[in-house]
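Student: I have a structure here, written as structure tokens, and I will follow up with some questions on it.
The values are calculated or read from the model by the stated rules, or taken from the named source; none is laboratory data. Here the structure is a predicted model, which means the values were calculated and not measured. Note that each Cβ is placed from the backbone with ideal geometry, even for glycine, and that neighbours are counted across all protein chains shown. Each accessible area value is taken on the protein alone, full model and side chains, heavy atoms only, with ligands, DNA and RNA left out. Shrake-Rupley method; radii C 1.70, N 1.55, O 1.52, S 1.80 Å.
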Amino acid sequence: MTVASIPNWFSRGVADLFPADAAETALQNKPLRVKLGIDPTGSTIHLGHSILFRKLRAFQDAGHTAILIIGDFTARIGDPSGKKSTRIQLSVEEVEANSNTYLQQLGQGQDPELSLLDFDTPGRLEVRRNSEWLSNLNLPKVIELLALSTVGQMLAKEEFANRYENGTAISLHEFLYPLLQGYDSVAIKADLELGGTDQKFNVAMGRDLQRHFGLKPQLGLLLPILPGLDGVQKMSKSLGNTVGLTEDPLSMYSKLEKVPDAVVEEYLTLLTNLDLAALPNNSRERQKAMALEITRLRHGPEAAAAAQADAANLVAGAAGNGAAAAEVLEVSLGDVNFPAKVFYLLSAVGICSSSEAKRQIQGGGVKLDGEKLSDPNQEFQNSTELEGKVLQMGKKIFRRLIP
């Protein structure tokens, strides 16, 4: 970014802005129509996804109009960005079910203070499904869109280039994805589009299509891809390094409190509005402040403070009465078939798969009320042996077992 005079809420965490010299003028002229498209290809949103929604909320709070595009049509193709193979095409029913859960997690019908987006203030949010315009495109219009790009341009896209070079199949319908996403910008007359750094090709395509159809090209504002809890790879459910928006306060706080020091500043910048200069220089204190603030934003101040206290109890006194004092997420033993082996127990109460449970136990990562369990085949005869106890996996997952 080269424009120094734009406000902090706009520039915070931004990785790329194009064209940068148009940003200041755009912000001064009129309220912007700010586009963010999401393809509901899954059912859960994690903190990595929330970066873009937080920036969209910042635009809302500054008086601009957020245009949230639910890609119910494009989700049936699947964004090839970051993918090493053709994505599985979803059914209409799957996409609609995912769309509804996405909106709930973003705050629709929820407490406005804890919502990622402002669903209540008139004029601040339009929720559109791109099937509105894409399902009605006729073949001549599709051919017109295809004529606006070349095979060479498509193969310049990193994912396509790698797959082509490796001999991995690229289906022709995948070339349509950036064109259709770009056409979304035409349909809703976007002034600015938000995206991750992996979306630059698609955002730039939107500018090209707007120019072709006689519209002023949108600005592109790109945000970084959030590292996962391992501090190395991007946050991804498939990698198991995520924090979900719907996770309970204790699980959320406990995970965040233990992220590697190398990514704490990035988490503070992208996931909070805290003044970094006002925080203690001590890395541990900054880490705790980050975990507390993110948990507060999702669950409120009381729940966040309780989670911080409970996490301290569990760490400091799990072997004694600390676990008994802490408010840990409860799980029922009602569906567990006894006698039950430990590896099965972890799976039955929803902590992890049986195979992962065995690996964790053998690695010394599972405790029951602070006592390490070392034998995956250790057996419990009935639920009374377990009721009220805290089952712990790793340093982040705690569950109190109840009847």
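Student: Quickly estimate the mean residue ellipticity at 222 nm for the chain, helices only: each DSSP H run with n ≥ 4 gives -39500 (n - 2.57), and the total goes over all residues, rounded to 500.
Tutor: Working: 17 runs with 171 residues, N = 403.
About -12500 deg cm²/dmol.
Student: Also, I was wondering about something else. Under the rule of at least 5 residues apart or a separate chain, name every residue whose amide H is placed under 5 Å from the amide H of Ile225.
Tutor: Thr197
Student: Go through Leu194, Asn138, Ile361 and say which Cα lies farthest out towards the positive end of the charge dipole of the chain; charges sit on Cβ, +1 for Lys and Arg, -1 for Asp and Glu.
Tutor: Ranked along the dipole, the leading option is Asn138.
Student: While we're here: Mind grabbing the accessible area of Lys389 for me, 1.4 Å probe, Å², rounded to tens?
Tutor: 70 Å²
Student: Keeping all protein chains in place and using 1.4 angstrom, which order do His64, His173 fall into by accessible surface area, from largest down?
Tutor: Details: His64 15, His173 50 Å².
Per-residue accessible area, sorted high to low, gives His173, His64.
Student: Ignoring ligands, DNA and RNA, what percent of the 1.4 Å accessible area of the chain is carbon and sulfur?
Tutor: The C+S portion of the solvent-accessible surface of the chain is 50 percent.
Student: For Thr44, Thr74, what's the largest-to-smallest order of accessible area, 1.4 Å probe? Before the final figure, lay out each step's value.
Tutor: Working: Thr44 60, Thr74 5 Å².
The ordering from most to least exposed comes out as Thr44, Thr74.
Student: Averaged per residue, what accessible surface does region 78-228 expose to a 1.4 Å probe, in Å²? Present the calculation step by step, with values, prior to reporting the outcome.
Tutor: Values: 7360 Å² over 151 residues.
Roughly 49 Å² per residue, with all protein chains present.
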